[in-house]
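**Student:** The following block contains the structure, expressed as structure tokens.
Derivation of every value follows stated rules applied to the coordinates shown; laboratory data play no part. Treat the numbers as computed from the prediction; the structure is a model and nothing was measured.
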């Protein structure tokens, strides 16, 4: 391997590492404030301890398919949607076990979940988590066979 080729590889790995580090820093949540699809599905099976699930994506996607029992009160990516989410959230206890998700696109590009998480955290929710849908709702929730509803 030539010296020039080695430098190019090193530059590519450096850029990739910096990009990954920037992504990790851009999330307003930490690891303990996340939940994976299989774990959430298991939690939802216990009616006594099931979390409240809030869809924070686009209304049209909620209608196309959403986690069984999930609520929609606005899109986290717009000022009007955030205002609707905050108005709804103001009416529930800050200790509510609350899971938010979007699933419109790959997690790193989602325009909805980060603003919604930040707003709810700033409101004082103490049991707030994000459902990690790495690719999208269809691939990470529906395709594995987890329950979902259409319509509403």
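**Student:** Under 1.5 on a/c is rounded, so check that first for the range 24-152, then, if it is not, pick prolate when a/b is larger than b/c and oblate when it is not; a ≥ b ≥ c are the square roots of the alpha carbon gyration tensor eigenvalues.
**Tutor:** Cα axes put the range 24-152 in the rounded bin.
**Student:** Using only the Cα atoms of the range 51-95, build the gyration tensor, take square roots of its eigenvalues as a ≥ b ≥ c, and label the shape rounded, prolate or oblate: rounded if a/c is under 1.5, else prolate if a/b is larger than b/c, else oblate.
**Tutor:** oblate
**Student:** Which shape class, rounded, prolate or oblate, goes with the range 60-126 when its Cα gyration tensor gives a ≥ b ≥ c as root eigenvalues, a/c under 1.5 marks rounded, and past that a/b bigger than b/c marks prolate? Mind dumping the intermediate values first?
**Tutor:** Details: a/c = 1.60, a/b = 1.37, b/c = 1.17.
Prolate shape, in that a/c is at least 1.5 and a/b is the bigger ratio.
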